[in-house]
Each structure stands twice: as structure tokens, then as C-alpha cells.
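Scroll down for the structure; my scribbles are underneath it.
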Amino acid sequence: MKDIIILAMGITNTDCPFDVDEVWGVNTSYRQVYGLGKHERLEGGHLSKIFICHRGQEYDYTGDPIFDWDELKLQVERGIEIVSLFDIKELRKRGIPFTRMHFKTLAKKFDTEYYSDTIAYQIAYALHLNTVKDKKTGLLKLKEPMRIRMYGVDMYDSDGYSTERGGVEYYVAIAKTLGVDFWIHPDSVVCKTETHMPYGFANLTPKVIDIHNVLELQKTPKGIKKLVKMRILDQIDADKMLRALRGEDVTIREATDEDMLGWMEIRNSPEVYPGFYTQKEPLTLEEHKKWWESRNQDWKKYIIMYQEKPVGILNIAQLDHWSPEIGYAILPQYWGKGIGTMAVRLAIDWIRRYGKQYCHTTVLTKNIRSIRLLDTLGFKFLGEAREGEVWMTKRLS
């Protein structure tokens, strides 16, 4: 029998029995398995494969690099095979061998490009290695009996639940249709409804939908600690949420002329500048310098600092107006960490101390992320500023 364990980085990975040779990890899960860094070694832990589905280096919520290529090289020397979706130059540069998992091959075999995360690729790859087409029917069939078990594929967080879970469930269904004995940890939400009950058997009240009261608990330090105790959050995510609640990691400092080039770098980020109404392409140094020098005493320019690193820009304009305007931008690798929310909150406090009773901003209608941020802080729609752009205002008194 082909027996595989897929081991992700959720809390339930501590229950993994490691009772088979084929244990497939993801990204840096080897640190948990072998107890590297601040992690405690998982009892009996070992890996046979590490799957990477990134084109190269990625960064965590602190801005630190996720992959340590020299560390990965040591895992290969340990006997672990790296399976990569892409031809990663950092691996080739260091002479680290890896096996390509070709997207076109998987897409053609399963007649779909629906791959929502690394776990979906792992299941598809496992099935790819252990299936052939039946000559008579043209349908896939197993080469030999197969069992797949998943540990650490919990998907309690909102991003995993909403954007990744569907792809995993899709390949679970394919596997089961092929006759694979597929086991999912009972504490995982994969292949479960939000109510944990079949449709039609539960009234969709808030209590039923949010059975663990996560929406309320995440608002306070005490509640976050309870979510950790319930094994819904791991400590790393909990620490991030606690710091965001306290605003400890985010500060703003007034920009100086030495920040001009750094400001331009953020403005010219491919993910950032489409959010500016008037900027359709990266600025030249001459264009940026002209803008920088044109700001007068009615403007305040700030650098957004996260854990003492410059990660964004913030300006407070029209200080001579009854409602000063706030503008901001964050480097894309720091999105989703509450930095923008805290920075705008600091700007609001500054404007309030300056003696103003209102503030406002303009935002593109397609910039849903920013609109949600402003809505969270109590900004209200005032009307259309320009085509495709709206005014949002907030009363401070």
C-alpha cells in the first residue's frame, strides 16, 4: 500500500504519529519537525519531502525572510527531497538539488488549473505518482491501494478558510473517488460546513456560524489567549494579534529629505502605485523630486515604522482646511498585519490634537482593502470625488 502523511504547520501537526516513511512537509515545516530555532521537536518526527510552491524568497509578517537556503541545503543532506513548483534560482545558485513538480503536467492530468495552495498540489502530486489511465475507459485508476492522512491542515484562520480550503477539498474528493483511504484530522475544518452540520439542519444564527465566538474573542487580549487554549490560534498568530491590539509595533516619525528616495521606492511599488488616482506608472526621480519639494507647510510627511523598520508612508495634507486629508501606503509584504489601521489611527490622533474636528481621505472604489480599513476606523462615505474614486470622512469630536 502507498501510505503518505501530509504534514502542514497547523496546531494538529503535534498529533502526527510519523508511523510511515513518506511524510511530506510544506515550506519550513521541517523546523517544527526537527526542533530548529524556537520550535520543540515533534516526537519521532521525520520528513521525506518538502514542498515549495513559491518562485523564490518570501517574507513573514515581521518582514524577515521565510526561507533559509543554507538551512534547506542541510535538510537535503539529511536525505529529504525538495519538490518545487518553480525553478528556484536561489536553490540552483547554491547547488541544492530539487525535483520539479510541473504545473502543466498536473493541470493536464486532472483537467483543471484549480490549485489553491501547497496542500492541494501535494494531494494532486501524490495521486499523479500513483495513478494511470485505464486503457479501456480512459479514466484514472490507482496503481496500488493508497492511504493519505493529513495533520496540521487545520484552516481555522479566515484566509485559509476562504481562499485555500476549496482547493484542498476538491482533491480530497478526487482521491476518495479513486478509492484512496483519505483521513482528515477531526479538529480540522476541511470538508466541514461552517456550522459543522449539514445544510438544512441548522439555523444560521451568529452563534451557529461562529461556534467558537472567534469574532468577539479576537477583540481582547483575554479572548485571544482563550483562542490559543482552545487550539484555534497558534501562539505566533496570537502574539501578532496581541501586538496589533496594543499598537506596540507601529509608530510614525516625521520624514526628512533623507527619506525622499525611500518614499519614491514605496510609491513606485507595482502593487502600490495603482492605488493612486493620478499615478499610472512608476515615477521618475525628477517627477518625484518635484512632488517632494512642492509640499508646503500645510503638509506633514511621515514614515510608518513597524518593529523599527520603515514599511510605509503617511501624509497629512491641507492642514489649513477644516478637514485635513490623510494619505498612506504600505509595502505589499507588510499588508494584512494591521499596520495601515494603526498608522491611520495615529494620524487621526495627530489631527485631533491639532484642533480639527474632521478629517477625510479619497480612495479608489476598486481598493476594497483600503475601504475596509477606513470603515473599521469609522470613516463614512461622503460622495464621489472623481470617477472611480470616493470621499470618505470622519468626525473627530
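Note on the range 19-53: among residues that are charged (D, E, K, R) and at pLDDT 90 or above, the one that is farthest from Phe98 (Cα to Cα) is Asp19.
Taking Ser48 and the conditions (1) closer than 26 Å to Asn130 by Cα; (2) crowded, with 19+ Cβ neighbours inside 10 Å; (3) of a type in the set (Gly, Ala, Ser), which numbered condition does it fall short on, given that it satisfies the others? Unmet condition: (2). In the set (1) at pLDDT below 95; (2) in a loop (DSSP other than H, G, I, E, B), the condition left unmet by Pro97 is number (1). Screening Leu245 on (1) closer than 22 Å to Lys337 by Cα; (2) in contact with a strand residue (DSSP E or B) (Cβ under 8 Å, 6 or more places away or on another chain) shows it passes everything except condition (2). If we scan the range 282-290, do we find a residue that is buried (at least 18 other Cβ atoms within 10 Å of the Cβ), at pLDDT 85 or above, part of a strand (DSSP E or B) and over 20 Å from the mean Cα position of the chain (by Cα)? Checked the range 282-290: no residue is buried (at least 18 other Cβ atoms within 10 Å of the Cβ), at pLDDT 85 or above, part of a strand (DSSP E or B) and over 20 Å from the mean Cα position of the chain (by Cα).
Listed here are the residues, each with its yes/no results for (1) touching a Gly at 6+ places or on another chain (Cβ under 8 Å); (2) in a strand (DSSP E or B); (3) surrounded by 11 or more Cβ atoms within 10 Å (Cβ to Cβ); (4) modelled with pLDDT of 95 or more.
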site: Glu113; (1), (2), (3), (4): no, no, no, no
site: Ser116; (1), (2), (3), (4): yes, no, yes, no
site: Gln122; (1), (2), (3), (4): no, no, yes, yes
site: Tyr125; (1), (2), (3), (4): no, no, yes, yes
site: His128; (1), (2), (3), (4): no, no, yes, yes
site: Lys136; (1), (2), (3), (4): no, no, no, no
site: Glu144; (1), (2), (3), (4): no, no, no, yes
site: Arg147; (1), (2), (3), (4): no, yes, yes, yes
site: Met150; (1), (2), (3), (4): no, yes, yes, yes
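Among all positions in the range 74-81, there is no residue which is free of Cβ contacts under 8 Å to residues at least 60 places away in the same chain, of a type in the set (S, T, N, Q), more than 21 Å from Val23 (Cβ to Cβ) and not assigned by TED's automatic domain parsing to the domain that holds Gly336.
Would you check if Gly167 is among the small types (Gly, Ala, Ser), out of contact with any strand residue (DSSP E or B) (no Cβ under 7 Å at 6 or more places or on another chain) and closer than 26 Å to Gly336 by Cα? So Gly167 fits the description; yes. Every listed requirement among (1) within 18 Å of Tyr125 (Cβ to Cβ); (2) touching an Asp or Glu at 6+ places or on another chain (Cβ under 9 Å); (3) surrounded by fewer than 22 Cβ atoms within 10 Å (Cβ to Cβ); (4) β-branched (Val, Ile, Thr) is met by Ile82 save one, (2). For Gly340, the stated conditions hold: it is under 30 Å from Ile66 (Cβ atoms) and either at pLDDT below 85 or touching a strand residue (DSSP E or B) at 6+ places or on another chain (Cβ under 6 Å) (or both).
Go through the residues of the range 361-369 one by one and say whether even a single one is in contact (Cβ under 8 Å) with a residue 40 or more places away in the chain, farther than 16 Å from Ala255 by Cα and out of contact with any helix residue (DSSP H, G or I) (no Cβ under 7 Å at 6 or more places or on another chain). Checked against the condition, which is being in contact (Cβ under 8 Å) with a residue 40 or more places away in the chain, farther than 16 Å from Ala255 by Cα and out of contact with any helix residue (DSSP H, G or I) (no Cβ under 7 Å at 6 or more places or on another chain), the range 361-369 yields at least one hit.
The values are calculated or read from the model by the stated rules, or taken from the named source; none is laboratory data. The model shown is predicted, which means the values in this text are computed figures rather than measured ones. We place every Cβ from the backbone using ideal geometry, glycine too, and count neighbours over all the protein chains shown.
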